[in-house]
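The values are calculated or read from the model by the stated rules, or taken from the named source; none is laboratory data. On a predicted model such as this, the values are computed, not experimentally measured, just so you know. Cβ atoms come from the backbone with ideal geometry, glycine included; neighbour counts cover every protein chain shown. These accessible areas exclude ligands, DNA and RNA; they are computed on the full protein's heavy atoms, side chains included. Shrake-Rupley method; radii C 1.70, N 1.55, O 1.52, S 1.80 Å.
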Amino acid sequence: EIIISDLCENLDSLDEPDAKAAMIWIVGEYAERIDNSGELLESFLESFHEEPASVQHQILTATVKMFLKVPQSSKQLVGRVLKLCTDESTNPDLRDRGYMYWRMLSKSPEVAKQVVLSERPTISENPFALQPRVLDRLVANISTLASVYHQVPEAFCDNNRRGGTMEQEDDMEDYAETLAQVQEEIQQTAGKTYEEESGDEESEDSASSSASENDAGGSAARAAPPPLRPLAQVLSEQTRGQQGQTGLRVAAAVVRGNGGAVGMQLMVGNFSQQPMSGWAVQMNKNPFGLAPSGPLQLNVVPPNGSGKVLLPLAPNQLSSGSAPSNPLYLEVAIKTNVDVFYLNVGYDLSAVLVDDGPMPKDAFQRLWQSAPADKKAMCQGAFSQKVTADMVSTRMQQYYCFLVARTQAQDMDQLYFSCATSNKLNVYCELSLQRNGPGVRLICCSEQQVMVPLF
């Protein structure tokens, strides 16, 4: 700011449009500190229509800023500039912006001040930058929702477009049927002992018994929990690979197995005209370091055929050192003899939680009480059926969230849980259950705030 006066003195020597636009921005940004800011802006009005669009836009915005900051000395100037932009300009973008400012100033100067003079974030380097390949994809899809979500399209939508022939329809129906069978197999092999949904006392007792067995036997005896996500399509057969080839469809889900093992359930469909073989897989570095701990053991998949495999994963192998994203996803490359295909596979936080047991009560209490209220996130809702504290505790333990303490307050049971990720990030929560109703409230916090929305 100490060089503003020097810059203003040399305003007439600026010839380049970008330099002019930058200097005008400075005049508008610091209008209340520059004594002759109105005169400086007015000097550009004589050649307003000859100036390039970038300079005209800055003159308009700077004048509006000046009016909002020092309205007494700039009423005539802002009216003159708005007239130039709306009545005399042939640039539709400039006219629209002029009308927008005019209407805001006429209807509510306070609202205009909140919009135009809003506080801008400090320019700084982003230490959690996107991977270059993902950034290239986002730039290529900048006119779509991908640039809003900061995810490649196949991460949040199904790009599948069904063909018009009966053969194509039959192939897709066969793939969908196989996908449903694989999903059913996953459900059947994951945690058969958990029958909470039935809501009867026998199921609750069996779940409690199972939890006790897990406590006694350690992680080696822990049964696989029911998957939180179904097997979902993550790559369309119409998505092009690295060399522009198509034909591979992939459905995937990250699951927990017996003993706390982590794996990626994959189902592939070959919609090309040649057999697919030579399967290999790689993953990009990620916040929890998940990486394949074995090869992708898929046989040759003929045209219109499919295959399925469970790819074992290990944490802390490919750590990116970056904060976790929301939602969590893995960047995966699958290599075949046809092409290399890139896809994103979403997963839940429970996939990277470890079986370390609950945090000591004293340590939990100190952390919970010292956490500021504005650092705790709260949500509330209602169960669709009667749920007891024991049922919730057993369910949470299945997904590596451990009960630290249990208290009672009026008509509510309060449960306190702790969990830890494979890279030592902790999350703490208070779960309040309405004793005579379906109401539930969750309060969550963490030393790393990025973990709270993931929980």
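Quick notes on this one:
- Subtracting the Cα-Cα distance of Gln274 and Ser325 from their residue separation scaled by 0.36 nm leaves 14.6 nm.
- Projecting label points 7 angstrom from Cα along Cα→Cβ for Val70 and Gln369 puts them 5.5 nm apart.
- Shape category assigned to segment 407-446 from the gyration tensor of Cα positions, a/c cut at 1.5: prolate
- Contour excess over end-to-end distance, with Cα ends at Arg435 and Ser106 and 0.36 nm allotted per residue: 112.9 nm
- Cα centroid separation - segment 337-389 against segment 75-110, whole Å: 50
- In this label model, Phe156 and Asn316 are separated by 3.3 nm, measuring between points 7 Å along each Cα→Cβ vector.
- Two-site FRET efficiency, Cys379 against Ser54, from Cβ-Cβ distance with R₀ of 35 Å, rounded to 0.05: 0.20
- Taking every protein chain into account, the accessible area of segment 322-428 amounts to 47 square angstrom per residue (probe 1.4 Å).
- Taken along the Cα-to-beta-carbon direction at a fixed 7 Å, the label points for Lys335 and Gln238 span 2.9 nm.
- Probe 1.4 Å - accessible area at Lys376, Å² to nearest ten: 60
- Stretching the chain fully between Asp87 and Arg406 yields a gain of 107.8 nm (0.36 nm per residue, less the alpha carbon separation).
- The amide H of Arg222, built 1.01 Å from its N in the peptide plane, has Gly259 as neighbours under 5 Å, considering only residues 5 or more places off or on other chains.
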